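Structure first, commentary second.
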Amino acid sequence: AILISERLIKKDTFTSIHIEEFEIEAAETRLGNEEITRDIPNVSEEALRNLDENGIIRIGAEVSSGDILVGKITPKTDSEPSPEERLLRAIFGEKAGDVRDTSLIVPPGVEGVVIDVHVFQRKDRGRKSKEEKTKELAKIRELKAYYKQEIEFLQTEKTARLAQVLGIDKKKVEKFDLSDNEEAKILAASFDEQMQELLAEEEQEIEKVRRGDELPAGILKRVVAYIATKRKLSEGDKLAGRHGNKGVVSRIIPEENMPYMPDGTPVDVVLNPLGVPSRMNVGQILECHLGWAAKVLNMNVSCPVFDGAKEGEIKELLKKAGLPEDGKITLYDGYTGEPFDQKVTVGYMYILKLIHLVDEKIHARSIGPYSLVTQQPLGGKAQFGGQRLGEMEVWALEAYGAAFTLQEMLTVKSDDVNGRTRIYEAIVKGEQRLTHGTPESFNVLIKELQGLGLDIRTEKSK
């Protein structure tokens, strides 16, 4: 475990910005096309407040879990519509009941600011709206201006370089015959080639704007939203030095309660000394000593692999800096002000924040998805899964004699399909009874054995 001073939080020393990407696609389906829209059935205006007229989140919006990023509706019916129905729908429009809400929402545990949104769309050549045509022309004008500027820059550069090689004035370069000078010919050819590449690129980009984006077959539109999250260091985050000395922040302590040096300077990080003997990564201690000496002497130190500073050299530097040769000093307890019994190694060390952040790992579930075969909850945060109660956890509950807890865990909280609904009813009615059924995993076992040719059946005893 690692103790951290609150000073590092105030200074934002370990604050990081994370950008997450969320994507949604509107596809062609058997029942009609999916549509990205603001018009979502049974959703309040409050939930749509940050969406634009196309149903896409605006840049700069603050979002948290459960918020809609992109509104999407998918057609739903049990059977395909007849040609007559299709005609009527084309005339009178879709009925609200025929679509379901399949919007992209912010997943649990994510909050931040929308910093960018990309929309990729295949264009229908014959059916461009006036607004789309205006946007397209503006984009093409912008591209032409950009490439014109690039080509002019290349032309100026070419003239300047040729004038330098030929030793003449820039104005005379245009009329000068290059056939005699081999170097000038190669240089001119190189510039001409670059210009041709630029012109081809310009043509390609303009064609891309006219044609629309390349999307897989069956996909009409793709929207990608980027959310930036600022994460301060918190308890449960993982830190590490450069010697495999990793650990988890267990407490963030106010500056005034941290141990302090004889001159009153409080330390920033406290590491456990028990992390050194068994792992034998003594490099972290040498780094501490050398860092302290280098800081006092205001010098830079580099330690190449297999050629780092020797023990004697480190002692010499500590001595030169007027520090104790063993690198240890008396620290004072921040709470009581009394000195600690033993001297403590103090110094400067590189500490990194690793990507294993507690905010991304924290997870809780009540009712969620179940596996189709075993009917047990899925596993893992990504699937919104449950916690696995393995063999060893069963032993722990058996050792406690917690029979009813164990029974719940193995039946109604897991794969007893009938028991799940029965216990829900009991809780709603305020009854305190547990009548469990057969776990689905038992039925799976029976089916496995039947697959092996063993005719096993369950019968009710009379």
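Does the range 414-433 hold any residues that are surrounded by fewer than 18 Cβ atoms within 10 Å (Cβ to Cβ) and not in a helix (DSSP H, G or I), and which are they? Of everything in the range 414-433, those that are surrounded by fewer than 18 Cβ atoms within 10 Å (Cβ to Cβ) and not in a helix (DSSP H, G or I) turn out to be GLY430, GLU431, GLN432, ARG433.
Restricting attention to the range 254-266, the residues being farther than 20 Å from GLN342 by Cβ and touching a helix residue (DSSP H, G or I) at 6+ places or on another chain (Cβ under 7 Å) number 2.
Against the list (1) aromatic (Phe, Trp, Tyr); (2) under 28 Å from VAL119 (Cβ atoms); (3) part of a helix (DSSP H, G or I), the condition TYR226 fails is (3). Across the range 328-378, the qualifying residues are those that are among the basic types (Lys, Arg) and not in a strand (DSSP E or B), and the one among them that is farthest from VAL301 (Cα to Cα) is ARG365. If a residue must be outside any helix (DSSP H, G or I) and either among the hydroxyl-bearing types (Ser, Thr, Tyr) or more than 24 Å from the chain's Cα centre (by Cα) (or both), how many such residues does the range 379-403 contain? Total meeting the criteria: 5. If the condition is being assigned to a loop (DSSP other than H, G, I, E, B) and out of contact with any Ser or Thr (no Cβ under 8 Å at 6 or more places or on another chain), then the range 130-173 contributes GLY167, ILE168, ASP169.
Scoring LYS353 on the criteria (1) at pLDDT below 95; (2) under 30 Å from HIS18 (Cα atoms) leaves a single failure, condition (1). Reported count of residues in the range 1-53, each being part of a strand (DSSP E or B) and polar (S, T, N, Q), is 4. Per the listing THR330, THR336, the residue uniquely surrounded by 13 or more Cβ atoms within 10 Å (Cβ to Cβ) and in the same structural domain as PRO266 (by TED's automatic domain parsing) is THR330.
Conditions tested, residue by residue: (1) out of contact with any His (no Cβ under 6 Å at 6 or more places or on another chain); (2) at pLDDT 95 or above.
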site	(1), (2)
GLU157	yes, no
VAL173	yes, no
ASN181	yes, no
ASP192	yes, no
GLU203	yes, no
PRO216	yes, no
LYS238	no, yes
ILE252	yes, yes
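The values are calculated or read from the model by the stated rules, or taken from the named source; none is laboratory data. This structure is a prediction, so every number in the text was calculated from the model and none was measured. Glycine also receives a Cβ, built like all others from the backbone with ideal geometry; neighbour counts cover every protein chain displayed.
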